[in-house]
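In what follows, a structure is listed as structure tokens, so that the remarks can point back to it.
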Amino acid sequence: MRLGLISEMSAAIRAKLFSGAFPVYSYMYTLRQFMRMNGVSGQDVERFVAAVSDKGLSVREIEQLAHGYFRGPDSLRQEIVNGNLSLPLKRLREASQNPDGCSEFERTMLRDLELSHKYMQRVMGKSQDARLKSRSFHAEANLLTAAILSRVAAFNHSLRHLHDRSGQA
């Protein structure tokens, strides 16, 4: 997995990671999620890494800035690119405290529900596709579907319970 990550990253990002200017953890667990789920380009990631490298930021601060950079408005992105990190960090901290009446944990749960919905739709749409025909695919799919099916009842129960609780609010 790590060799695959190294081969995918640009020389500039590799240099920042190997020199210690940017934390490997932040690249692997924060930036990769934007690249996989949101289709962020390698150039955007490289621009972000260049903007926040060597600034003495914590992993948490890098994560906050990444969310602002990749999901926030263009003005916030521009502040980060220009190196004015204190103002965006302050704004992101204020926003994360109570932007819409939800705690950080609640927002994370809402994001998990959104992703569950998204991937349920994708699996339902792709599961009947004729292109799914190789023996290795079917062997691995059989193992994964067995694991998922063994958890369907518990997942369904939890989802119904959450639905009932949220409907009473």
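Could you give me the residue pairs with C-beta distances under 9 Å whose first residue belongs to region 31-43 and is not assigned by TED's automatic domain parsing to the domain that holds Glu114, whose second residue is at pLDDT below 75 wherever it lies, and which are 6+ apart or on separate chains?
Filtered contacts from region 31-43: Arg32/Leu5.
Across region 53-93, which residue is surrounded by the fewest Cβ atoms within 10 Å (Cβ to Cβ) among those that are of a type in the set (A, V, I, L, M) and under 22 Å from Thr108 (Cβ atoms)?
My answer is Val59.
Regarding Glu140, is this residue of a type in the set (Asp, Glu), more than 22 Å from the chain's Cα centre (by Cα) and not assigned by TED's automatic domain parsing to the domain that holds Leu31?
yes
Across region 10-30, what is the number of residues that are under 17 Å from the mean Cα position of the chain (by Cα) and touching a residue at least 12 places away in the same chain (Cβ under 8 Å)?
6
The values are calculated or read from the model by the stated rules, or taken from the named source; none is laboratory data. Fair warning: this is a prediction, and the values are worked out from it, not measured in the lab. In this analysis, Cβ positions are derived from the backbone assuming ideal geometry, glycine residues included, and neighbour counts consider all displayed protein chains.
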